[in-house]
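Here is the structure we will look at, set down as structure tokens.
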Amino acid sequence: MNTAKTTVLIADDHNIVRTGLKALLEMESDLSVVGEASDGKQAVAETLRLKPDVVVMDISMPVMDGIEATERIICNAPDTRVLALTSFSSDEDVARIISAGAIGIVMKDSDNDDIVASIRKTAAGETVLSPELKRISQTAIETPKLTPRQKEILHSVTRGLSNQDIAKQFGISVDGVKNHLRAIFLKLGAATRAEAGAIALRKHLLKL
């Protein structure tokens, strides 16, 4: 019985990083690198063309940075999940890429096994944060910023619509709705749909 591989797009402006990461992932029987990008604009274009399960996204890139690229991917390809990969970033950058919709962040100097495990967890919809980044991520939770689509979806949730109903409403897949909700929960620090709605109202991010 054949099991579908998790498809991965690598976005990094350093060829040596892309080459090394591709070689690492090609050793894993359940992962397949389907594309590469050297800047954020190319990452968005290749994601829309290839529709990978996971984009491993460098935060600092030319033309368009990984933060803006992540926001565009989450908006236009909600079935794709983004794992940010960084060597060093400011607290603000880490908070911004979480707000943009990245499901997690891992350091470039992490062990190979940790990077591979982070990609698998991202594909499964699990939040991934390197230990040294967990504190920084609280900034994004304290000052959350929802995208217009996330606000629309959260508003639909507060009206009692199911994931299936929301998917039909916005013309996206149920998995796409789930990805949006995971990003919303991460930004708000919420564990449930009801809690997310309550937090958004309390922080004046949503009006009923």
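The values are calculated or read from the model by the stated rules, or taken from the named source; none is laboratory data. Nothing here was measured: the structure is a model prediction, and the numbers come from that model. So basically every Cβ, Gly included, is an ideal-geometry build from the backbone, and we count neighbours across all protein chains shown. Note: areas computed on protein heavy atoms with side chains; ligands, DNA, RNA excluded. Shrake-Rupley method; radii C 1.70, N 1.55, O 1.52, S 1.80 Å.
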Log entry, pairs with first residue in segment 167-184 being of a type in the set (D, E, K, R), second being assigned to a helix (DSSP H, G or I), beta carbons closer than 7 Å, six or more apart or on different chains, reads K178/N163
Using the structure shown, decide if L161 is at pLDDT 80 or above and outside any helix (DSSP H, G or I). yes
I16 meets each of (1) more than 14 Å from R81 (Cα to Cα); (2) modelled with pLDDT of 95 or more; (3) assigned to a helix (DSSP H, G or I) with one exception, condition (2)
Heads up, the strands (runs of 3 or more DSSP E) in segment 20-89 (entirely inside) with at least 2 residues that are of a type outside the set (F, W, Y) and open to solvent by 50 Å² or more (accessible area, probe 1.4 Å) are 31-37
Taking segment 178-208 and the residues there that are open to solvent by less than 20 Å² (accessible area, probe 1.4 Å) and not in a helix (DSSP H, G or I), the one that is modelled with the highest pLDDT would be A190
Within segment 23-40, the residues that are of a type in the set (D, E, K, R) and closer than 22 Å to M64 by Cα are E36, D39
Scanning segment 164-177 for residues that are of a type in the set (D, E, K, R) and at pLDDT 85 or above, the one most open to solvent (accessible area, probe 1.4 Å) turns out to be K168
